[in-house]
Amino acid sequence: MKKSKTRLFIEKQISKNLMIYIKGKQLHFLKNVLRVKLDDIISIFDGITGEWHANIISVSKEKIAIKVLKKIRGFEPQPDIWLIFAPIKLFRINITIQKAVELGVSKFVPCITEYSNFEKLNYKNLELNAIEASQQCERLDVPKIEKIINLKSLLNNFPSDRALVFCDESDSSLPSIYEEVKSKVSNYSKWAVIIGPEGGFSDQEKNQLIKEKNVLRVTLGKRILRSDTAAISSLFCIQSLVDKRQPVLK
């Protein structure tokens, strides 16, 4: 019995002795890329119960059958961090999704702004990217990808208990994202970062954002960063601080 480093996300709740049939792209990956064999052991997770070992008990052209053996890791929730982003070119948005998953984002919220150049998204492609990244980075869940929403609707319904980190490239005199998040890290248990399109936010949109009482307006430095770079660098900063956060006092 050979143990594999393979991890698969299973879209159903896992339990001991459960029989699962692998089809589609996951079948192709296991059979033709990894060339798994009978009695190989793979790891599977469902985003609910944790991570499990499963034994490959049959391999055919149409499917691979696996049987769940035992739980090897209990479920551990990620920090509650949303990435709100204006859609950008596909190859760059794919990189953003992958890296944001690795950095612990719990939800993606695509958002249309005045200077957005893209208003359509291939949700299936984004979901597959999120699943693949979760499988590779040892996460026990897959972040949710919301349907696209315009900025005004987002702000009108934004939860009051969630900090919204607004990276404003137009004012380098603002506090750095590290300083501002560190000073407020004990005040919030829920976080979001909003990243605009390549053209940034309009003056009207900036005014709307600034009026939100839970907005932390910050700078990412003197240089103007591309949207994907800004998302990844800001998430790294927030995640590194939030992971060390003490429990919020009620």
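Where Lys and Arg each count +1 and Asp and Glu each count -1, what net charge lies around E102 among other residues with Cβ under 14 Å from its Cβ?
-2
Give the long-range amide H neighbours of I145: residues separated by 5 or more places, or on another chain, with amide H under 5 Å away, using H modelled in the peptide plane at 1.01 Å from N.
So I145 has HN proximity to F108.
Looking at the calculated P(r) for region 3-74, what percent of the C-alpha pair distances fall above 21 Å?
The share of Cα pairs beyond 21 Å in region 3-74 comes to 15 percent.
Between region 1-75 and region 150-228, how many Å separate their Cα centres?
Taking the Cα centre of region 150-228 as reference, the centre of region 1-75 is 41 Å away.
5 Å is the cut-off here: which amide hydrogens, built 1.01 Å from N in the peptide plane, fall below it relative to N150, excluding neighbours closer than 5 in sequence?
HN-HN under 5 Å from N150: I112.
Can you run phi through the Karplus equation (6.51, -1.76, 1.60; θ = phi - 60°) for region 219-225 and list ³J(HN,Hα) in whole Hz, with x for Gly and Pro?
Per-residue couplings from phi come out as 10, 9, x, 6, 8, 7, 9 Hz.
Please compute the length gained on full extension between E179 and K89, using 0.36 nm multiplied by the number of residues separating them and subtracting their Cα-Cα distance.
Taking 0.36 nm per residue and subtracting the Cα distance, the gain is 29.3 nm.
With θ set to phi - 60° and the Karplus curve 6.51 cos²θ - 1.76 cosθ + 1.60, what are the ³J(HN,Hα) couplings of region 68-79 in order, to the nearest whole Hz, using x for Gly and Pro?
Here the 3J(HN,Hα) series is 5, 9, 7, 7, 10, 7, x, 5, 10, x, 7, x Hz.
Apply the Karplus parameterisation 6.51 cos²θ - 1.76 cosθ + 1.60, with θ equal to phi minus 60°, to every residue of region 128-138 and state each ³J(HN,Hα) to the nearest whole Hz, in sequence, with x for glycine and proline.
After applying 6.51 cos²θ - 1.76 cosθ + 1.60, I find 5, 5, 5, 5, 4, 5, 5, 4, 7, 9, 6 Hz.
Using the charge dipole of the chain (Lys, Arg: +1 at Cβ; Asp, Glu: -1 at Cβ; taken about the Cα centre), state which of A54, V242, A100 has its Cα farthest towards the positive end.
A54
Any chance you could run the full-extension gain for N150 through K25? It's 0.36 nm times the residue separation minus the Cα-Cα distance, nm to one decimal.
41.7 nm
If I stretch the segment between F236 and K61 completely, what's the gain in nm (0.36 nm per residue apart, minus their alpha carbon distance), one decimal?
58.8 nm
Please sort by residue number the GluC sites (Glu not before Pro) in region 14-103 whose DSSP state is loop and whose Cβ has at most 11 other Cβ atoms within 10 Å.
E62
Run the helix sum for the chain: -39,500 (n - 2.57) per DSSP H stretch of 4+ residues, divided by residue count, reported at 222 nm to the nearest 500 deg cm²/dmol.
-8500 deg cm²/dmol
Report the normalised scattering of the chain as log10 I(q)/I(0) at q = 0.14, 0.16, 0.17 Å⁻¹, calculated by the Debye formula with identical scatterers on the alpha carbons.
Debye intensities relative to I(0), on a log10 scale: -0.93, -1.10, -1.19.
Hey, got a sec? Which trypsin sites (Lys or Arg not before Pro) in region 135-174 land in a DSSP loop and have at most 14 other Cβ atoms within 10 Å?
Listed in order of number, the matching sites are K147.
Just add up the charged neighbours of A65: K/R +1, D/E -1, any other residue whose Cβ is under 14 Å from the Cβ of A65.
+3
Search the structure for amide H atoms under 5 Å from the amide H of V165, placed 1.01 Å from N in the peptide plane, and list their residues when 5 or more places away or on another chain.
It is A192, V193, I194, L216, by chain and number.
Within region 121-140, name every residue whose backbone N is under 16 Å away from a label modeled 7 Å from Cα of R73 along the Cβ vector.
Counting only backbone N, you get 131-140.
Any read-out appearing in this document is the output of simple, stated calculations on the displayed coordinates, not a laboratory observation. Just so you know, these numbers come straight off a predicted model, no measurement behind them. Neighbour counts run over all protein chains shown; Cβ positions are idealised from the backbone, glycine included.
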